[in-house]
Amino acid sequence: MEMSVKTVVPGDKLGVIEEFEAGEGALTHDGVVRAICVGQVSIDLRKHVVGISKVRQGTRIPVPNDSIMGKVESAQSSTANISINYVNGKENRGNFTGLILLRTARPMGRGRQRSTTVCKTGDWVRATVISDKNAIIHLSLDGQKDGVIYAVCSICGGSLFRVDSRAKCDLCGNIEDRKLAPDFGNTELKP
């Protein structure tokens with residue numbers, strides 16, 4: 001009898017040697033059976049073996065220098081959480097979330113500052129992975145190709161299009177600030 005329980009990453013504890021032997025994708029260290037790859041826990045209760053079934057195709061953990069595309073799930077004044085849907089242009093089904101630290105002001109000559117909204121909830125962005133320390137995927141919008149690639153109007157929900165360095169609603173004419181990618185509005189997405 002075999003059971004599949006949950007998704008694990010390398011180093012996660014699967015059991016102890018008194019309960020299980022290490023199967024495929026697992027190893028024993030100091031009496032503890034641990035995962036050595038990303039995948040689903042697979043337990044054979046008759047043979048007392050615990051192992052890992054590889055993660056389905058299309059799943060890859062984003063690492064530093066990867067380019068991601070994803071949807072802004074929440075945005076506060078200083079951070080935004082991004083649901084990562086594409087890694088290096090390929091669809092990713094891993095349900096990973098990244099974090100962007102936002103800068104909300106830029107200099108406007110003589111020490112004055114103009115407030116700028118980098119991205120808003122519901123926007124699609126392209127970002128670069130800058131760190132994966134402490135199991136947090138840190139993202140940056142500072143790359144040449146990075147920024148918002150698709151957005152809708154905060155007032156009426158209409159599509160926004162580029163007008164110089166800002167975005168304008170094609171329905172109500174509302175103009176909004178965003179950190180726009182060079183190909184804003186021209187990227188094909190399969191949400």
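The values are calculated or read from the model by the stated rules, or taken from the named source; none is laboratory data. This one's a predicted model, so the numbers in the text were calculated from it and none came from an experiment. Heads up, the Cβs are rebuilt from the backbone with ideal geometry, glycines too, and the neighbour counts pull from every protein chain shown.
Within region 1-19, which residues are modelled with pLDDT of 85 or more and closer than 26 Å to Gly94 by Cβ?
Of everything in region 1-19, those that are modelled with pLDDT of 85 or more and closer than 26 Å to Gly94 by Cβ turn out to be Asp12, Lys13, Leu14, Gly15.
Hey, any hits in region 134-143 for a residue that's crowded, with 18+ Cβ neighbours inside 10 Å, assigned by TED's automatic domain parsing to the domain that holds Ser83, at pLDDT 90 or above and over 12 Å from the mean Cα position of the chain (by Cα)?
For region 134-143, residues crowded, with 18+ Cβ neighbours inside 10 Å, assigned by TED's automatic domain parsing to the domain that holds Ser83, at pLDDT 90 or above and over 12 Å from the mean Cα position of the chain (by Cα): present.
For region 119-133, give me each residue that is modelled with pLDDT under 90 and not in a helix (DSSP H, G or I).
Asp132
List the number of the failed condition for Leu171; all other conditions in (1) surrounded by fewer than 15 Cβ atoms within 10 Å (Cβ to Cβ); (2) free of Cβ contacts under 8 Å to residues at least 24 places away in the same chain; (3) not in a loop (DSSP other than H, G, I, E, B) hold.
(3)
How many of the residues making up region 87-112 are of a type outside the set (Phe, Trp, Tyr), in a strand (DSSP E or B) and either modelled with pLDDT of 80 or more or more than 19 Å from Ile175 (Cα to Cα) (or both)?
Qualifying residue count, region 87-112: 13.
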